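Step one of this worksheet: look at the structure below.
The values are calculated or read from the model by the stated rules, or taken from the named source; none is laboratory data. Being a predicted model, the structure only gives us computed values, none of them experimental. Every residue, glycine as well, gets a Cβ built from its backbone with ideal geometry; the counts of neighbours run over all protein chains shown. Side chains are part of the model used for accessible areas, which takes the heavy atoms of the whole protein and leaves out ligands, DNA and RNA. Shrake-Rupley method; radii C 1.70, N 1.55, O 1.52, S 1.80 Å.
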Amino acid sequence: MERIAVGWSHETWLFDAVWSDGADEQRQALCLRRDPGNALLRHESDLGEQFRVLKCLEETDVPAPRAFWYEPDPAVLGAPAIVMERVPGECPSPWRSAGREYYAAAAERGVLPASFTDALAAVHNVDWRAAGLDFLGVPSGGSDFALREITKWEALIDESGHPGHPILADLIGWLRHHAPATEQLTLVHGAYRTGNVLIHEDRVSAVLDWELQVIGDPMYDVAYVLTELNREGTELLSNVVPRELFFERYQQATGIEIDPERCAYYQLLYAMRSAAFWMSAAGLYADGCSSDLRLARTHWSVTVALERAATELGY
């Protein structure tokens, strides 16, 4: 059994289950995610919902781990937990030099950029009603989706105890005033990027981190792929895929035309969401709810997110 230091919302443990079926020894590589109740997204990241989403995705084309068990009772493992299959693959951090070198080399070989795009297209092509994913909540149309997201992240900011910031107040007001209408609803992953997918033999073997999924505007995911926040010192989107290839392959696979204007709006919404994340994380450490030093460092990240928003708003 091994605990791995990845992810901000839950503890992640890798282990092998070994048992006898009466004739032979059986072995299964598994992954356990446990919710200590004091991590980044607080109540916004619910393991019960993640388990249900993964079960709904089993009969779709989305590469995702199979989920086996969900245990809500903290008396069993000390906290709620889910157990899923351990999919072959690796997940290099795009924020480290070794990870950036990995993705640059994969981009040159050409297989991973196409697979990365295809996996997102598979998410957006899911018949979410048939799959039973409407339990996530369905926006009523118009600007309801964007306004729902703004309200969600305002609640996390309020819960964090952060005193707020003038630029953040300006940003939220701008987002509410300019909220776009959503013409097409799809399943949206909410954080689709390198670092949130497993890669095996240059292909996406699993999309991970089903914590922020919603039924909403597919441009919300596309904007996350396009944003400069998810690449460092490279023109490759999410460190791995050329822009032209992504546009052409995604649009052909989904029939959805990428709207740069809506993407620009959602990139500012991501700046607000990032500020909410880091206010929540820093608040948990400051209040003594968590001893994770990574959370302490995120106090500085609030300034980074708001500085980018100020630049985009024309300060």
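The table below lists the values:
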item: The lone exception for A119 - which of (1) assigned to a helix (DSSP H, G or I); (2) in contact (Cβ under 8 Å) with a residue 12 or more places away in the chain; (3) of a type outside the set (S, T, Y); (4) open to solvent by 40 Å² or more (accessible area, probe 1.4 Å) it fails; result: (4)
item: Inter-residue pairs, beta-carbon under 7 Å, first surrounded by fewer than 17 Cβ atoms within 10 Å (Cβ to Cβ) and in the range 245-273, second among the hydrophobic types (A, V, I, L, M, F, W, C), 6+ apart; result: Q251/I258; A253/A121
item: Yes/no for S291 being crowded, with 16+ Cβ neighbours inside 10 Å and either more than 21 Å from the chain's Cα centre (by Cα) or touching a residue at least 24 places away in the same chain (Cβ under 8 Å) (or both); result: no
item: Of residues in the range 169-181 being in a helix (DSSP H, G or I) and among the aliphatic types (A, V, I, L, M), the one most open to solvent (accessible area, probe 1.4 Å); result: A169
item: Qualifying residue in the range 158-168 (condition: open to solvent by 30 Å² or more (accessible area, probe 1.4 Å) and closer than 30 Å to A104 by Cβ); result: no
item: Of all residues making up the range 95-116, the number that are out of contact with any Gly (no Cβ under 9 Å at 6 or more places or on another chain), open to solvent by 10 Å² or more (accessible area, probe 1.4 Å) and not aliphatic (A, V, I, L, M); result: 8
item: For P92: the one exception among (1) surrounded by fewer than 18 Cβ atoms within 10 Å (Cβ to Cβ); (2) out of contact with any helix residue (DSSP H, G or I) (no Cβ under 7 Å at 6 or more places or on another chain); (3) under 28 Å from R34 (Cα atoms); result: (2)
item: Selected residue (criterion: farthest from G195 (Cα to Cα)) from residues of the range 214-263 that are small (G, A, S) and assigned to a helix (DSSP H, G or I); result: A253
item: Residue match in the range 214-236 (condition: touching an Asp or Glu at 6+ places or on another chain (Cβ under 9 Å), open to solvent by 20 Å² or more (accessible area, probe 1.4 Å) and more than 24 Å from G137 (Cα to Cα)); result: no
item: Residues (in contact (Cβ under 8 Å) with a residue 12 or more places away in the chain, over 30 Å from G283 (Cβ atoms) and part of a loop (DSSP other than H, G, I, E, B)) located in the range 41-67; result: E59, T60, D61, V62, P63, A64, P65, R66
item: Breaking point among (1) open to solvent by 70 Å² or more (accessible area, probe 1.4 Å); (2) within 30 Å of T254 (Cα to Cα); (3) outside any helix (DSSP H, G or I); (4) in contact with a helix residue (DSSP H, G or I) (Cβ under 8 Å, 6 or more places away or on another chain), for Y70; result: (2)
